[in-house]
Amino acid sequence: MNLRAGFQQRVASVLLLSMLAACASRQVGAPVVDRTVGGTTTDSNVPGTAPVIDNTPVPAGYYRVKPGDRLYRIALENGQNYRDIARWNNIQNPDQIEVGQVLRVKPPAGDTGAPVPAPVASTPPSASSNPASVPPAVVTPPASSSASAAPSAVSSGELQLSWPAKGSVVGRFDDSKNKGLNIAGSTGDPVYAAGAGKVVYSGAGLRGYGNLVIIKHDATFLTAYAHNRTLLVKEGDSVTRGQKIAEMGNSDADRVMLHFEVRRDGKPVDPMKYLPPQ
């Protein structure tokens, strides 16, 4: 009798464990919430559901973040400093933006994005006891050590640029395929600032550009210098036309070259319109 009772208890235990396992297998998991789409939620347990991106047009001066966007590229495409866009939108970390988020990409009232003045040499005070009697001196900005090596500039009526590198043009501007010029060279060849301005980006955060420098010349124009081996300037630096800012390389490119872009209000334009004949 004791053996039979023990056998019955073991059978009952096995049946109880089987019932518990079956109950556990029927439990429904909690829905997965996707918070990267402007507050839209998705239930991964409902077949065929996908994040819904709001495609409602945004007002002029604003931009809706799309999948794959980075703040650095949004800034370049809108002719702005990415730090300004971050400040206008209270973004603490430029690497953290959300798909569907609407960003201000033009200056708010009172923040006009004033032109960046070129560095100018100051005139030492006159030793004369009567400064009014001394005719005003003509101030000439000092040439940088590399300026003599850079080609001369040409004026488009809006912007004065010089060639950013010496070399053959191996890729010309094409609005759909090439947003600038490709200038061939050798590793380590100097890359010059094509015009005076302020460095608004220096780094490798834009896919497809490698080591990149972006210079803001005024409220309208930017120039970009991509695929460098070495960057010699940092964000916030003021540069003069002809100043060496980088060394040519092949970062994120299949050959050594400089990819040079001119952007007007963020839109790529043909650099040849702003450069003198070679």
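The values are calculated or read from the model by the stated rules, or taken from the named source; none is laboratory data. Not measured: the values here are computed from a predicted model. Glycine gets a Cβ as well: all are built from the backbone with ideal geometry, and neighbour counts include every protein chain shown.
When the range 62-97 is filtered for residues that are surrounded by 13 or more Cβ atoms within 10 Å (Cβ to Cβ) and in a loop (DSSP other than H, G, I, E, B), the ones remaining, listed by number, are VAL65, ASP69, ARG70, ASN78, GLY79, GLN80, ASN81, ASN89, ILE91, PRO94, ILE97. Would you mind stating whether ASP218 is buried (at least 18 other Cβ atoms within 10 Å of the Cβ), of a type outside the set (Lys, Arg), assigned by TED's automatic domain parsing to the domain that holds PRO190 and assigned to a loop (DSSP other than H, G, I, E, B)? Here the answer is yes, as ASP218 does meet what is asked.
Exactly one residue among VAL199, VAL170, VAL191 is at pLDDT 75 or above, farther than 20 Å from ASP270 by Cβ and in a strand (DSSP E or B), and that residue is VAL199. Filtering the range 143-153 for residues that are surrounded by 22 or more Cβ atoms within 10 Å (Cβ to Cβ) and at pLDDT below 95 leaves a non-empty set. Taken together, ARG264, ARG255 contain a single residue that is touching a residue at least 60 places away in the same chain (Cβ under 8 Å) and either surrounded by 23 or more Cβ atoms within 10 Å (Cβ to Cβ) or under 17 Å from the mean Cα position of the chain (by Cα) (or both), which is ARG264. Pick out the one residue from LEU181, LEU206, LEU212 that is in contact with a helix residue (DSSP H, G or I) (Cβ under 6 Å, 6 or more places away or on another chain) and surrounded by 22 or more Cβ atoms within 10 Å (Cβ to Cβ). That would be LEU181, the only listed residue that is in contact with a helix residue (DSSP H, G or I) (Cβ under 6 Å, 6 or more places away or on another chain) and surrounded by 22 or more Cβ atoms within 10 Å (Cβ to Cβ). Would you point out the residue of the range 155-167, among those that are modelled with pLDDT of 50 or more and in contact with a Leu (Cβ under 9 Å, 6 or more places away or on another chain), that is nearest to TYR225 (Cα to Cα)? Among them, the one singled out is PRO164.
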